[in-house]
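K.L.:
Shown below is the structure under consideration.
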Amino acid sequence: QVQLVESGGGLVQPGGSLRLSCAASGIIVSIYAMGWYRQAPGKQRELVADIRSDGSRNYAGSVKGRFDISRDNNKNTVYLQMNSLKPEDTAVYYCSLITTRGYPYWGQGTQVTVSS
């Protein structure tokens, strides 16, 4: 069983920055990708960014140039540096881990609120 524990959410003013962290623990099998999704009220969950085992990164168009995803393989931890935050970035952010067999694991979610 894999557990994902997120931290770093909170309230920030527009234009501000936050850094999310997600630590994976438990019986970790081969990882295909780790990443972040978000879900705003009344909207579907959407991919924000992910990072594959080969180091390649994928970003949603709305966050390109503002967010940066990175990963510490030794710590099984993934980070999301969020800069130039906008009110439309407000959502619950979920960490994800996808195994090489395609099985997904999810964190419990952390709230990010961008408001003045």
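The values are calculated or read from the model by the stated rules, or taken from the named source; none is laboratory data. Treat the numbers as computed from the prediction; the structure is a model and nothing was measured. Every residue, glycine among them, receives a Cβ derived from its backbone with ideal geometry; neighbour counts consider all protein chains shown. What goes into the accessible areas is simple: the full protein's heavy atoms, side chains included, and nothing from ligands, DNA or RNA. Shrake-Rupley method; radii C 1.70, N 1.55, O 1.52, S 1.80 Å.
K.L.:
Output yes when any residue across segment 10-29 is under 15 Å from the mean Cα position of the chain (by Cα), over 25 Å from residue 86 (Cβ atoms) and free of Cβ contacts under 8 Å to residues at least 60 places away in the same chain, and no when none is.
P.N.:
Looking through segment 10-29, at least one residue is under 15 Å from the mean Cα position of the chain (by Cα), over 25 Å from residue 86 (Cβ atoms) and free of Cβ contacts under 8 Å to residues at least 60 places away in the same chain.
K.L.:
Can you pull out every residue in segment 61-91 that is closer than 14 Å to residue 19 by Cα, assigned to a strand (DSSP E or B) and out of contact with any Cys (no Cβ under 7 Å at 6 or more places or on another chain)?
P.N.:
Within segment 61-91, 67, 68, 69, 70, 71, 79, 80, 81, 82 meet the criteria.
K.L.:
Only one of (1) among the hydrophobic types (A, V, I, L, M, F, W, C); (2) closer than 14 Å to residue 33 by Cβ; (3) at pLDDT 95 or above is not met by residue 98, so which one is it?
P.N.:
(3)
K.L.:
Out of 91, 60, report the one residue that is open to solvent by less than 60 Å² (accessible area, probe 1.4 Å), of a type in the set (Gly, Ala, Ser), within 18 Å of residue 111 (Cβ to Cβ) and more than 11 Å from the chain's Cα centre (by Cα).
P.N.:
Every option except 91 fails the conditions.
K.L.:
Restricting to segment 1-10, name every residue that is open to solvent by 30 Å² or more (accessible area, probe 1.4 Å) and within 22 Å of residue 60 (Cα to Cα).
P.N.:
7, 8, 9
K.L.:
For segment 19-44, give me each residue that is within 16 Å of residue 57 (Cα to Cα) and either of a type in the set (Ser, Thr, Tyr) or open to solvent by 60 Å² or more (accessible area, probe 1.4 Å) (or both).
P.N.:
Answer for segment 19-44, where residues must be within 16 Å of residue 57 (Cα to Cα) and either of a type in the set (Ser, Thr, Tyr) or open to solvent by 60 Å² or more (accessible area, probe 1.4 Å) (or both): 32, 37.
K.L.:
Does residue 54 satisfy the criteria of being open to solvent by 60 Å² or more (accessible area, probe 1.4 Å) and either polar (S, T, N, Q) or at negative phi (or both)?
P.N.:
Yes; evaluated as a whole, the condition is true for this residue.
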